[in-house]
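Here is the structure we will look at.
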Amino acid sequence: MSDRIQPASSAVYRHARLNELARLEADWDSYGAPPLTEAALRTADALVFIPTGEGGVQIELHAAGAEVEVTIGDDGHVEAIYVSGDVSEVEDERHTV
């Protein structure tokens, strides 16, 4: 049996986790944090997972005129790109998990 996460189970897990987060009540962190908003949960649910040609995974979010792309390479390194309007900031932080 494979240890790989199957696409259907991945989506089910993401929705289950978002539903769990949606149930957080005010002061969930004991520092007065408010519950998560519907807008935040909807945006989080819009994350798209795409395989890369090098054996990694790219996670994309396109919302409110901005784009965020996080690429996890085949060796586990992480690169993040944020684009908003005409300006592009590239953060090339490499971390291995």
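The values are calculated or read from the model by the stated rules, or taken from the named source; none is laboratory data. Note that the structure is a prediction, hence the values are computed from the model and not measured. Neighbour counts run over all protein chains shown; Cβ positions are idealised from the backbone, glycine included.
Observations, loosely collected:
- Residue within region 39-51 that is more than 30 Å from ARG23 (Cα to Cα), without any contact (Cβ under 8 Å) to a residue 40 or more places away in the chain, loosely packed, with under 13 Cβ neighbours inside 10 Å and not β-branched (Val, Ile, Thr) present: yes
- Single residue of region 73-93 satisfying the filter (hydrophobic (A, V, I, L, M, F, W, C) and in contact with an Asp or Glu (Cβ under 8 Å, 6 or more places away or on another chain)) that is modelled with the lowest pLDDT: VAL83
- Region 51-65: number of residues that are at pLDDT 90 or above, assigned to a strand (DSSP E or B) and not β-branched (Val, Ile, Thr): 3
- In region 10-30, the residues that are free of Cβ contacts under 8 Å to residues at least 12 places away in the same chain form Cβ pairs under 7 Å with partners that are part of a loop (DSSP other than H, G, I, E, B), at six or more places apart or across chains, as follows: GLU25/PRO35; ALA26/PRO34; ALA26/PRO35; ASP27/ALA33.
- Within region 66-81, the residues that satisfy the criterion of being buried (at least 16 other Cβ atoms within 10 Å of the Cβ) and either hydroxyl-bearing (Ser, Thr, Tyr) or part of a strand (DSSP E or B) (or both) are GLU69, VAL70, THR71, ILE72, VAL78, GLU79, ILE81.
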